[in-house]
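Here is the structure we will look at, set down as structure tokens.
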Amino acid sequence: MKVLHITNALGRYNSGGIGDVLNAFVSAQNKIVEKIEVWHPNNASDSEEFAEQTGLNIEQVKSFKTVGGNKNGFSPEMILEAFKKKDDFDIIHQHGLWLPISFVGLLFHSKTTKKVISPHGFLNENALAISPIKKKLSAKLYENRNLRSSDCLHACSVFEADFFRAYGLKQDIALIPNGVEDDFVYSKGNTEAFKLKHEISDNKVMLFLSRIHPSKGLELLLRLIASVKDEFNKWRLVVAGIDELNHEAELKNLAKELEIDHLIKFVGPVFGQEKVDAFDASDVFVLPTDTENFGIVVAQALARKKPVITTTEAPWKELVDFSCGWWIPKTEVAFKDTLNMVLKLPAEELEQRGRNGFNLVKKNYLWSELTHRTIELYDYLLNPSLGKPTFIL
């Protein structure tokens with residue numbers, strides 16, 4: 001089997017959660033499929049980093065220049081390469097939407113090549129509301145044709161699959177959640193080193209780790225911490241992630257205005273071992289998000305035995321079902337009530353919820369198991385006589 005992944009999200013500073021998912025996705029598939037390549041309109045240095053992280057040879061990760069030099073721009077080079085190699089792959093797997101990489105996806109559709117698209121949340125209602133005019137124009141020009149020409153769509157949850165149907169897409173949907181790599185689950189963290197570095201050794205830690213973007217709900221969280229700042233005095237909110245739209249500066253100003261800047265630690269982006277250390281140094285993880293198609297950081301937090309607070313805009317009802325966190329409406333009342341409760345819980349209760357989350361990840365969210373579903377999906381698309389897998393809706 002010969003598989004090509006197309007993405008604009010590659011490189012630790014360019015890709016966010018999609019990059020984490022693609023990294024794990026490709027690392028696991030590389031151990032199984034005959035040939036795998038990744039194409040992206042990013043820097044060559046991103047190719048080198050991705051190859052090193054996934055175990056691919058550098059020849060398997062190809063970067064293409066774009067008009068204007070923007071990773072979201074149009075790449076005549078990639079289009080030309082697609083014309084040359086449109087019969088060289090059995091499976092084309094596109095990651096993300098509303099970008100010129102979709103032109104490449106269109107070129108690869110044929111009777112012998114099967115196409116899978118992972119929207120990664122870009123068909124969710126809140127995502128469609130961002131730059132709606134641009135998206136409507138893109139839909140008319142190329143994206144609707146690209147989506148409808150796919151042989152299967154990949155959803156991370158039933159929650160996301162419902163948005164596909166709401167958009168009017170009728171083809172099969174493969175329900176395959178994102179997962180966590182075994183190495184991440186079982187690696188050893190260094191809590192003391194992280195706490196010493198950020199001068200929080202004497203405090204309990206509530207960790208936020210994601211893109212620092214208005215859609216992630218940090219403004220609401222800061223205002224609610226201010227409303228319970230006396231109870232929060234022995235805690236610190238650690239905010240880790242890549243700043244987008246200069247939102248970090250806005251949040252720092254808000255923290256000063258609310259007189260809680262001494263309770264907040266902005267630590268910048270964390271990767272690799274430092275990311276593991278950040279999770280292990282925390283007592284609870286929080287993601288007050290507006291929208292998530294999955295929320296890979298939730299799975300990662302659970303994998304490191306940390307209970308999670310997130311909103312019902314993320315598909316994590318299992319936090320309640322498995323007693324490993326709090327799944328609440330994104331309202332001031334719900335969040336304030338939850339904060340007040342969590343701050344009063346004994347350490348033993350938080351640790352038990354963390355252990356429950358760890359068991360959930362081992363049961364449902366290890367990439368070593370989920371990768372076989374992707375291969376089963378590809379096999380079925382190439383040979384329908386094998387029978388439709390049970391995870392296809």
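The values are calculated or read from the model by the stated rules, or taken from the named source; none is laboratory data. Being a predicted model, the structure only gives us computed values, none of them experimental. All Cβ positions, even for glycine, are placed from backbone atoms using ideal geometry, and neighbour counts span all protein chains on display. Surface areas here come from the heavy atoms of the whole protein model, side chains and all, with no ligands, DNA or RNA. Shrake-Rupley method; radii C 1.70, N 1.55, O 1.52, S 1.80 Å.
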Taking the alpha-carbon centre of each part, the distance from the range 278-309 to the range 86-152 in Å is 29
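What is the sum of charges around Phe391, taking Lys and Arg as +1, Asp and Glu as -1, for the other residues whose C-beta is under 15 Å from the C-beta of Phe391?
Working: positive: Arg373, Lys388; negative: Glu160, Asp172, Glu369, Glu376, Asp379.
That works out to -3.
Could you tell me whether the range 1-97 comes out rounded, prolate or oblate from its Cα gyration tensor? Rule is a ≥ b ≥ c as square roots of the eigenvalues, rounded for a/c under 1.5, then prolate if a/b exceeds b/c, otherwise oblate. Mind showing how you got there, number by number?
Numbers: a/c = 1.68, a/b = 1.10, b/c = 1.53.
The shape class here is oblate.
Can you tell me how much longer the chain between Asn57 and Phe271 gets when fully stretched, taken as 0.36 nm per residue apart minus their C-alpha distance, in nm with one decimal? Could the numbers behind the result be given before it?
Values: separation 214, 0.36 × 214 = 77.04 nm, distance 2.18 nm.
Additional length available on full extension: 74.9 nm.
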Computed over the chain: longest principal axis from alpha-carbon atoms vs helix 76-85 long axis, angle to nearest 10 degrees, is 50
Quick check for you: with a 1.4 Å probe and neighbouring chains kept, what is the accessible area per residue of the range 23-147, in Å²? 47
Net length gained if the chain between Thr191 and Glu34 were fully extended (0.36 nm per residue, minus Cα distance): 52.5 nm
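Counting only protein heavy atoms and using a 1.4 Å probe, what share of the accessible area of the chain belongs to carbon plus sulfur, as a whole percent? List each step's numbers first, then the result.
Working: 8570 of 17100 Å².
That share works out to 50 percent.
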Largest fluctuation, Gly55, Gly105, Gly96 only, Gaussian network model of the chain with Cα springs under 10 angstrom, belongs to Gly55
Could you tell me how many degrees, from 0 to 90 and to the nearest 10, lie between the Cα long axis of helix 158-167 and the main elongation axis, the longest principal axis, of the Cα atoms of the chain? 50
Picking from Trp367, Gly73, His198, whose Cα lies most toward the positive end of the charge dipole for the chain (charges on Cβ: Lys, Arg +1; Asp, Glu -1)? Gly73
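Can you show me the helix-derived [θ] at 222 nm for the chain, built from DSSP H runs with n ≥ 4 at -39,500 (n - 2.57) apiece and divided by the number of residues, rounded to the nearest 500. Please report the intermediate quantities before stating the final value.
On the way: 18 runs with 170 residues, N = 393.
Calculated from helices alone, the mean residue ellipticity at 222 nm is -12500 deg cm²/dmol.
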Could you identify which residue out of Thr331, Thr191, Thr310 has the top mean-square fluctuation in a GNM of the chain using Cα springs shorter than 10 Å? Thr331
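Rank by packing, highest mean first: peptides 46-54, 301-309, 33-41, with packing defined as the count of other Cβ atoms within 10 Å averaged across residues. Mind dumping the intermediate values first?
Working: 46-54: 18.6, 301-309: 26.3, 33-41: 20.7.
Highest-to-lowest ranking by the protection proxy: 301-309, 33-41, 46-54.
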Under 16 Å from the 7 Å Cα→Cβ point of Leu393, by amide nitrogen: which residues of the range 109-144? 117-126
Could you give the size of the charge dipole of the range 313-393 about its Cα centre, using +1 on the Cβ of each K and R and -1 on the Cβ of each D and E, expressed in debye and rounded to the nearest 20? 40
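How high is the relative contact order of the chain, in percent, counting Cα pairs under 8 Å that sit 6 or more residues apart? Mind showing how you got there, number by number?
On the way: 720 pairs, mean separation 57.7, N = 393.
Taking the mean separation of contacting Cα pairs over the length of the chain, I get 15 percent.
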Flagged links, alpha-carbon separation over 18 Å, of Lys86/Lys111; Lys62/Lys111; Lys265/Lys305; Lys85/Lys114; Lys195/Lys362; Lys86/Lys115: Lys62/Lys111; Lys265/Lys305; Lys195/Lys362
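Can you list the trypsin sites (Lys or Arg not before Pro) in the range 150-201 that are in a DSSP coil and have 15 or fewer other beta carbons within 10 angstrom? Walk me through the intermediate numbers first.
Numbers: sites: Arg165, Lys170, Lys188, Lys195, Lys197; in loops: Lys170, Lys188.
Listed in order of number, the matching sites are Lys170, Lys188.
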By what distance, in whole Å, do the Cα atoms of the chain stretch along each of the three principal axes, largest value first? 64, 43, 39
Loop-located chymotrypsin sites (Phe, Trp or Tyr not before Pro) in the range 308-365, at most 10 other Cβ atoms within 10 Å (DSSP): none
Where is the GNM fluctuation largest for the chain (alpha-carbon springs, 10 angstrom cutoff): Val116, Val286, Val228? Val228
Prolate/oblate/rounded label for the range 312-360 (Cα gyration tensor, a/c 1.5): oblate
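Shape call for the range 59-175 from the C-alpha gyration tensor, a ≥ b ≥ c root eigenvalues: rounded (a/c under 1.5), prolate (a/b greater than b/c) or oblate? Don't jump to the answer; show the numbers that get you there.
On the way: a/c = 1.93, a/b = 1.27, b/c = 1.53.
Oblate.
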Accessible area per residue, 1.4 Å probe, Å², for the range 187-333: what's the number? 40
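Find the accessible area per residue for the range 340-386; the probe is 1.4 Å, ligands and nucleic acids are left out, and the unit is Å².
Details: 2480 Å² over 47 residues.
That works out to 53 Å² for each residue.
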Taking the 0 to 90 degree range and rounding to the nearest ten, how far is the long axis of helix 218-227 tilted relative to the main principal axis of the chain, both from C-alpha atoms? 10
